[in-house]
1. What tally of residues in the stretch 92-123 results from selecting those that are among the acidic types (Asp, Glu) and under 23 Å from Val49 (Cβ atoms)?
2. If you take the residues in the stretch 69-90 that are over 14 Å from Gly57 (Cα atoms) and free of Cβ contacts under 8 Å to residues at least 40 places away in the same chain, which one is farthest from the chain's Cα centre (by Cα)?
3. Pairs only if they're at least six apart or on different chains, beta carbon under 6 angstrom, first in the stretch 33-46 and aromatic (Phe, Trp, Tyr), second modelled with pLDDT under 85 and not in a helix (DSSP H, G or I); list them, first residue then second.
4. Among the residues of the stretch 113-124, which ones are of a type outside the set (Val, Ile, Thr) and either out of contact with any helix residue (DSSP H, G or I) (no Cβ under 8 Å at 6 or more places or on another chain) or open to solvent by 10 Å² or more (accessible area, probe 1.4 Å) (or both)?
5. Considering only residues that are in a loop (DSSP other than H, G, I, E, B), of a type in the set (Val, Ile, Thr) and buried (at least 16 other Cβ atoms within 10 Å of the Cβ), which ones fall in the stretch 69-100?
6. Keeping to the stretch 25-55, report how many residues are of a type outside the set (D, E, K, R), closer than 23 Å to Asp93 by Cβ and in a loop (DSSP other than H, G, I, E, B).
7. Would you be able to say whether some residue in the stretch 12-24 is at pLDDT 85 or above, open to solvent by 60 Å² or more (accessible area, probe 1.4 Å) and more than 14 Å from Arg89 (Cβ to Cβ)?
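The values are calculated or read from the model by the stated rules, or taken from the named source; none is laboratory data. Bear in mind the structure is a predicted one, so any value in this text is a computation, not a measurement. No Cβ is skipped: glycine too gets one built from the backbone with ideal geometry, and neighbour counts run over all protein chains shown. For accessibility, only protein heavy atoms count, side chains too; no ligands or nucleic acids. Shrake-Rupley method; radii C 1.70, N 1.55, O 1.52, S 1.80 Å.
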Amino acid sequence: MGGGFVVSALGLAHDRRGVLDGAWWPYSRDIAAELPALISALTEYLGPVTRVGLDAGAWDALPTRLLDDDRVVHIDSFPVGDDTALVTRVDQDCFSLLVIPPHATPETARTAMADAVRAGNITRAEQILIGTCTDRVAPKT
């Protein structure tokens, strides 16, 4: 399923008091296929992205860097969990994104995205996914 990206306008403009600054609903766990589109969308909203931090255990073959318009974006492996992505832009400002599992239904993904970008949100990514009944791990096939 998957597919979507939402950034809180408040979180990016002036009010950065919430726990999360946005949400991302990738189509798959193939980071090589998913990350370029995310970086492109983030660059449009935030300016040039220099780093993305992800939990290596949540993605297929996490690279150490990616080229975006002739600019290197470093990919860092952090034990942040499969529900969070950390994004750093040129001025070292860091943004935290909720990562919605690719297999989530559109309804639960929309609810989780809305919760993540709600002004003043203090609910952590894992709790948002639990609260919306969005399983964090893809079902076994």
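1. Taking the stretch 92-123 and keeping what is among the acidic types (Asp, Glu), we get 93, 107, 115.
This time we only want the ones that are under 23 Å from Val49 (Cβ atoms), so: 93.
The total comes to 1.
2. Pass one, the stretch 69-90, residues over 14 Å from Gly57 (Cα atoms): 69-74, 86-90.
Now narrow it down to the ones that are free of Cβ contacts under 8 Å to residues at least 40 places away in the same chain: 69-74, 86, 88.
Values: Asp69: 20, Asp70: 22, Arg71: 20, Val72: 19, Val73: 15, His74: 15, Leu86: 7, Thr88: 12 Å.
Going through the qualifying residues, I end up with Asp70.
3. These pairs meet every condition: Tyr45/Val7.
4. So the first thing to find is which residues in the stretch 113-124 are of a type outside the set (Val, Ile, Thr), and the list is 113-116, 118-121, 124.
Met113, Ala114, Asp115, Arg118, Ala119, Gly120, Arg124, listed by residue number.
5. So the first thing to find is which residues in the stretch 69-100 are in a loop (DSSP other than H, G, I, E, B), and the list is 69-70, 78-83, 90-93, 100.
This time we only want the ones that are of a type in the set (Val, Ile, Thr), so: 80, 90, 100.
Listed by number, the residues that qualify are Val80, Ile100.
6. Qualifying residue count for the region: 3.
7. Within the stretch 12-24, not a single residue is at pLDDT 85 or above, open to solvent by 60 Å² or more (accessible area, probe 1.4 Å) and more than 14 Å from Arg89 (Cβ to Cβ).
Yes or no, residue by residue, for (1) outside any strand (DSSP E or B); (2) crowded, with 16+ Cβ neighbours inside 10 Å; (3) modelled with pLDDT of 85 or more:
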| position | (1), (2), (3) |
| --- | --- |
| Gly57 | yes, no, yes |
| Leu62 | yes, yes, yes |
| Leu67 | no, no, yes |
| Pro102 | yes, yes, yes |
| Thr111 | yes, yes, yes |
| Glu126 | yes, no, yes |
| Val137 | yes, no, no |
